[in-house]
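*Asks:* Have a look at the structure that comes next, please.
Every number in this text was worked out from the coordinates using simple rules, so none of it is lab data. Computed from a predicted model, the values in this text were never measured in an experiment.
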Amino acid sequence: MGKIAVNSVLLVALVLPVAAFLLLSSRTNLSALPAAAISVASGWALNVTWAAAADPRNTENYRPIALRFGWACPAVLVLATWAILHFFFHTST
């Protein structure tokens, strides 16, 4: 894959978990935990895809790292999104 395509996959891997969490938690009857799990899983899958598509001439192999820890960045992004929604936009009744 070209460098632009690989970088695009990485960018989508950062944006998709937040967008999916916002859409799933606001448009469906899912509670925050299943919406977060689906969002983190989609981000993890794209991180693994990015690692597989990274420069094959490079001697380092990113795939095992992405398989083990590719969930961490999407989880932090979804947690930050939940915290912002919960603490800043949550109306107390």
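*Asks:* When averaged across all projection directions, what area in nm² does the alpha-carbon convex hull of the range 3-88 cover?
*Replies:* Orientation-averaged projected area of the Cα hull: 5.9 nm².
*Asks:* Per residue of the chain, what 222 nm ellipticity follows from adding -39500 (n - 2.57) for every DSSP H run with n ≥ 4, rounded to the nearest 500?
*Replies:* Helix-only estimate at 222 nm: -26000 deg cm²/dmol.
*Asks:* For the range 8-72, what relative contact order do you get, as a whole percent, if you take Cα pairs closer than 8 Å and at least 6 residues apart?
*Replies:* In percent, rounded to a whole number, it is 35.
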